[in-house]
Amino acid sequence: MSDLARAALALNRRHAMILAEKVGGDRIQRQLLEAAKELEERLRFLSPSMAGTFTEARMNATLAQIRHVLYNLRPGMSRAIVQTALDAADVAGAGVVDYLTDVEAGFRGIGVQPLALDESSMLDSAREGAKSSVLRRLMSSGENVPGAEAVPHQAKMGILDRYGVNVVGHFEDQLRIGMLTRKSWADIRESLVATSPFLQGAPAHWAERIVRTETMGAYNRAGLESIHDADEQLGDMVKILSATFDDRTAADSYAVHGQIRRTTEPFDTWTGPVMNPPARPNDREIVVPHRVSWPIPAYLVPKKRGAVVARWAYEGRKGSPPPTPLDTTIPRGQFGRTPPPQVEENARA
């Protein structure tokens, strides 16, 4: 188990250093310090009845990982010495590894789970600009700025009036810290409501919707980056849109489920093109990485038009639903039959 804990710490350090190069070491350090401070406060005021519970163990394990990353995140560290620093950190982190291994023995999944550094960084406007949150992206619609809506139109009515740029920035901070500290969605929701007079007077599901939508957006963007990286190595990666089907699934999710695109192509949805979901608030779709050389599994086969129409009617909508978007830009007959690019290259050699 210690090998898994060590791997988690190594992944944390590497991702933190990569992020430091992208947005600046000082900014990453501040975010980690804020997360550590919040965890320390929560642990200080934790009810005695919570001692020895999963909740306390998870907070302590997360705090240990954050402190470890902070210790190894040196100002001014250049790429040339990153590997040397990582090797040295393996030795310096031996005590943390032992601690996380002990925690893992009592509560599975705590000691070997890496920090959500990649996902939380997606909510950093210094890195992602207008794409850093769904709210910010919608708020910037129509502006000629990187990450704004692909199809020019006016900013979504009401977002600026409800929250304002500063409040949206604070939302992003709270969501980012919540991811790093592994807060529950309920706790993150409370932190959003506490700083927004509008949300304080709005139904509870409004804040819940922001948390769920932004969390899904951050995880899907981070996942898309990993698909891009894999495509550079493998050459035949695609992304597939997958919906969650239950009594809350809307007709538009039925219409896009199983949609296949190349890594640089947007998905087509009823609310416009998106590189990754969510396409709208409360959208629960995810991006699934796949290769052309693999067959399409049954659970990613698109829903037939009849199922889309039936769901539209089930929702009480009148008339016919919008046309179902193009399901794939790559002929489905190629999947599971085309050998990976490196296999073809070896065969020619």
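The values are calculated or read from the model by the stated rules, or taken from the named source; none is laboratory data. Bear in mind that the values here come from a model prediction, so they are computed numbers and not experimental data. Cβ: placed from backbone, ideal geometry, glycine included. Neighbour counts: every protein chain shown.
Okay, residues lined up against (1) small (G, A, S); (2) at pLDDT below 90; (3) under 25 Å from L138 (Cα atoms):
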position: A250; (1), (2), (3): yes, no, yes
position: R280; (1), (2), (3): no, yes, yes
position: P289; (1), (2), (3): no, no, no
position: L300; (1), (2), (3): no, no, no
position: P322; (1), (2), (3): no, no, yes
position: I330; (1), (2), (3): no, no, no
position: Q334; (1), (2), (3): no, no, no
position: E345; (1), (2), (3): no, yes, no
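Could you list all residues from the range 242-268 that are touching a strand residue (DSSP E or B) at 6+ places or on another chain (Cβ under 7 Å), part of a loop (DSSP other than H, G, I, E, B) and under 13 Å from D283 (Cβ atoms)?
The initial filter retains those residues of the range 242-268 that are touching a strand residue (DSSP E or B) at 6+ places or on another chain (Cβ under 7 Å), namely 242, 252, 256-263, 266-267.
Narrowing further to those that are part of a loop (DSSP other than H, G, I, E, B): 257-259, 263, 266.
Across the range 242-268, the qualifying residue is only H257.
Yes or no, residue by residue, for (1) under 30 Å from T53 (Cβ atoms); (2) assigned to a loop (DSSP other than H, G, I, E, B); (3) modelled with pLDDT of 85 or more:
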{"position": "A88", "(1), (2), (3)": "no, no, no"}
{"position": "D118", "(1), (2), (3)": "yes, no, yes"}
{"position": "V145", "(1), (2), (3)": "no, yes, no"}
{"position": "H153", "(1), (2), (3)": "no, yes, no"}
{"position": "L160", "(1), (2), (3)": "no, no, no"}
Got a sec? Which of P278, P325, P289 is surrounded by 14 or more Cβ atoms within 10 Å (Cβ to Cβ) and within 21 Å of A130 (Cβ to Cβ)?
-> P278
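Report, by residue number, each residue of the range 30-48 that is farther than 14 Å from L63 by Cα and part of a helix (DSSP H, G or I). Break it down into steps so the answer makes sense when it comes.
Of all residues in the range 30-48, those farther than 14 Å from L63 by Cα come to 30, 45-48.
Within the range 30-48, R30, P48 meet the criteria.
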Within the set of pairs 6+ apart or on separate chains, which have a first residue in the range 43-56 that is within 21 Å of G111 (Cα to Cα), a second that is of a type outside the set (A, V, I, L, M) and assigned to a helix (DSSP H, G or I), and C-beta atoms under 9 Å apart?
-> L43/E56; L43/N60; L46/T55; L46/E56; M50/E56; G52/G106; F54/G106
Selected residue (criterion: surrounded by the most Cβ atoms within 10 Å (Cβ to Cβ)) from residues of the range 225-234 that are of a type outside the set (D, E, K, R) and out of contact with any Pro (no Cβ under 9 Å at 6 or more places or on another chain) = H228
Residues (surrounded by fewer than 20 Cβ atoms within 10 Å (Cβ to Cβ) and not in a helix (DSSP H, G or I)) located in the range 165-224 = R182, S184, T195, G201, A202, P203
